[in-house]
Amino acid sequence: MKKLMMTAAMMLMSIGAFAQEAGEMYVKPMVGASIATITNVDNSKFKFGLVGGAEFGYHISDAFALTGGALYAMQGAGAKDDDLRKDASTTLSYINIPILANYYIFPGFAVKAGFQPGFLVSAKTKYTAGGHDVEYTGTDGYKKVDFSIPLGVSYEFSDFVIDARYNLGLTKIYDADSSSKTSKNSVIMLTVGYKIPL
């Protein structure tokens, strides 16, 4: 995990170094919401959470920009009530490192795609059973690193940026001995940011 974090940090630093030579560079604080679920889990449903962090970027040209950042994201899934459990939900909190290519179809409107490693920082499952609240915390049983492909669009006006993206999970989120061996994260993110020139 340390090697992956160092690799991600080096990639972000290389983006910054190139940006100073190639064109406009900026930082974009951003905040918003996530709509997440976990694939291949019986009776799963969407779970809402928070997203916050910042991205650094630069414009190679009027039509093309690269960004890299760090975002805290609440992911996971809810579960439909059954005879044994009520109000069940799993919250997986990640620090995601999105690295994106942004192509501007026309001024202010961009489509984007890239690669995103994510690092699990906490996990919590809670539900109600037999009239009692039950809660489990800890990351045991989960893979500590998650990879996904972010795809999205954004629109800029007066330095504000509205961003919508879908993170397509590539990594099985549970350890190999889990009964849900093929489950992956599936996350929609909606954020608002503000571009600050550097």
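To the nearest 10 Å², what's K47's accessible area with a 1.4 Å probe?
Ignoring ligands and nucleic acids, K47 comes out at about 40 Å².
Amide H of F64 versus every other amide H placed in the peptide plane: which residues, excluding those fewer than 5 positions away on the same chain, fall under 5 Å?
Correct list: Y104.
What list of ³J(HN,Hα) values in whole Hz, one per residue of region 107-123 in order, does the Karplus curve 6.51 cos²θ - 1.76 cosθ + 1.60 (θ = phi - 60°) give from phi, with Gly and Pro shown as x?
My calculation for region 107-123 gives x, x, 10, 10, 9, 8, 7, x, 9, 9, x, x, 10, 5, 10, 7, 8 Hz in order.
Checking the table K80/K172; K124/K195; K112/K184 against a 24 Å threshold on Cα-Cα, which pairs fail?
Check vs 24 Å cut-off fails for K124/K195.
HN-Hα J couplings of region 35-52 from phi, Karplus 6.51/-1.76/1.60, θ = phi - 60°, integer Hz, Gly and Pro as x?
Values per residue, Gly and Pro as x: 10, 10, 8, 10, 6, 6, 10, 4, 6, 6, 9, 5, 10, 9, x, 10, 9, x Hz.
Quick one: compute the contact order of region 36-100, relative version, from alpha carbon pairs under 8 angstrom and 6+ residues apart, as a percent.
Relative contact order, region 36-100: 33 percent.
Please list, in chain and number order, the residues 5+ apart from E24 or on another chain whose amide H is under 5 Å from its amide H, with Hs placed from the backbone.
Amide H neighbours of E24: H59.
Quick one: which residues, 5+ away or cross-chain, put their amide H under 5 Å from the amide H of Y194? H built at 1.01 Å from N.
Result for Y194 returns V161.
The values are calculated or read from the model by the stated rules, or taken from the named source; none is laboratory data. Here the structure is a predicted model, which means the values were calculated and not measured. Surface accessibility is based on the protein's heavy atoms, side chains included, excluding ligands, DNA and RNA. Shrake-Rupley method; radii C 1.70, N 1.55, O 1.52, S 1.80 Å.
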